[in-house]
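Please treat every number below as a calculation from the coordinates, not as lab data. Every value quoted in this text rests on a predicted model; they were computed, and no experiment measured them.
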């Protein structure tokens, strides 16, 4: 029975359904009955769709990676460089527009990317940063081929994890990376979901991770950003919210410890696993600006 429940959970967590259906609420907002139902039947995840568009003139780019992905390229006159933005789990490139706007104000061009399964990119599958790492490389290669020398990678949550895996797997050399709240390991992030549901992590978290990996063609227990960090030598800005219930401070500290190049960690007070611009706009812009000036 445990294997059947875990198999269903894993599939629903990594495969979006047709847009238009109602998404399962976050664990904190579920009633006790809804939590039981979700624990038994899994989450209801509609494919994320872009809900708004950049206010600036932009170009829609289609790239062939492991899947066909769609990007928005926003060029800034006399740009200092290009920042490629990668969204989190259950989101899409339109969720990165507000952050793109701030990078543009700082004098950079931006490219916003829909990971596979999200927005206007191909498929309905997500691998929580594992296969998305190849899409990070495809995006980097595209911008590099335009002649751009100053390329930065920005990612939040799953997007941060995908960046870290990409740098672990490939010899690409961005000018720097800005990563928000990456999890320490796939196992720990699955455990965090069970904890938020007030459900025991053992043995279901491990069984779910096993089946999720099998269904998606990789070994989930090896998906560990803490280890990827050991092979990251470019400058890195690591950002985290102290009230984050999805990623622990211990995970962030271990990632920070393992990063090899110039690095900076900033923790936002009274902030969870959320868009840092909402509560910390001035502080976030200051942190980003200071980091970019030092490269």
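Numbers below:
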read-out: Segment 144-250: radius of gyration over Cα atoms, expressed as a fraction of 2.2 N^0.38 Å; value: 1.19
read-out: Antiparallel bridge percentage (DSSP; both residues within segment 30-183; nearest 5); value: 40 percent
read-out: Percent of alpha-carbon pairs separated by more than 16 Å within segment 52-105; value: 44 percent
read-out: Stokes-Einstein D in µm²/s, Kirkwood radius over Cα pairs - segment 76-232 at 25 °C with 0.890 mPa s viscosity; value: 151 µm²/s
read-out: Convex hull of Cα atoms in segment 28-157, direction-averaged projection (nm²); value: 8.8 nm²
read-out: C-alpha long axis of helix 2-14 to longest principal axis of the chain, angle in °; value: 30 degrees
read-out: Per residue convex hull volume, Cα atoms of segment 142-188, in Å³; value: 74 Å³
read-out: Global size of segment 1-105 as Cα Rg and Dmax, reported in angstrom; value: 18.2, 60
read-out: For segment 211-285, diffusion coefficient by Stokes-Einstein and Kirkwood Rh (Cα), 20 °C, 1.002 mPa s, µm²/s; value: 154 µm²/s
read-out: Rg followed by Dmax, in Å, when the chain is reduced to its Cα trace; value: 18.3, 60
